[in-house]
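Data first, discussion second: the structure below is written as structure tokens.
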Amino acid sequence: MRQSSTIEVYTDGHCNLCRWMRARVERLDRQRRIEWLDYNDPQILQRAAPRTREEMANGMHTRTPAGSWSKGYFAWIEVIRVLPRWKWLAPIMALWPFTKPGPIFYHWLASPRYTLFGVPPPCDASGAYQLHR
């Protein structure tokens, strides 16, 4: 059972970039308001239903205590929103001038995460390798 004040953050536990970012953010989360979840775990994926593994692999996802979902750049806004020393930045990141380039930058960094950060991409549900998809 998750605490009502925590957000769920769904990432790829096999991705070096995802693990690196998690390690950095966990140190800032002194109140333990973020629950990090690896969507590769079948039980975790079931918990994220109706989201699919393929959908989750397209970017980091968050679910707030109220049940609303965010993805990618907007998921990072939700993460920053619960970090005491960084939460002032979330309203700024949510403003129009940043909501246009923010998702573009997120996609630019996250798309090649498997090739740039030393881990091959995961196989899909059928076992097919996804590097060139």
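General remarks:
- Cα shape, segment 7-116, gyration tensor, a/c 1.5 rule: rounded
- Order of Arg27, Arg51, Arg32 - criterion: other Cβ atoms within 10 Å of each residue's Cβ, fewest first: Arg27, Arg32, Arg51
- Extension gain (nm, one decimal) between Arg53 and Ser68, 0.36 nm per residue minus Cα-Cα: 3.6 nm
- Order of Phe105, Phe74 - criterion: other Cβ atoms within 10 Å of each residue's Cβ, fewest first: Phe105, Phe74
- Since only Ala49, Ile80, Gly102 are under comparison, the one whose Cα sits farthest along the positive direction of the charge dipole of segment 1-118, derived from C-beta charges on Lys, Arg, Asp and Glu, is Ile80.
- The label point for His14 and the one for Leu109, both projected 7 Å from the Cα toward the Cβ, are 2.3 nm apart.
- Computed FRET value (nearest 0.05) for Gln31 with Phe98, which takes r as the C-beta separation and R₀ as 25 Å: 0.50
- 3J(HN,Hα) along segment 23-31: 4, 5, 6, 4, 5, 7, 8, 5, 8 Hz, from the Karplus curve 6.51 cos²θ - 1.76 cosθ + 1.60 with θ = phi - 60°, whole Hz, x for Gly and Pro.
No value in this document is a laboratory result; all are computed from the given coordinates. Note that the coordinates shown come from a computational prediction; the quantities given were computed from them, not determined experimentally. A quick note on method: Cβ atoms are made from the backbone with ideal geometry, for glycine too, and the neighbour counts reach across all protein chains shown.
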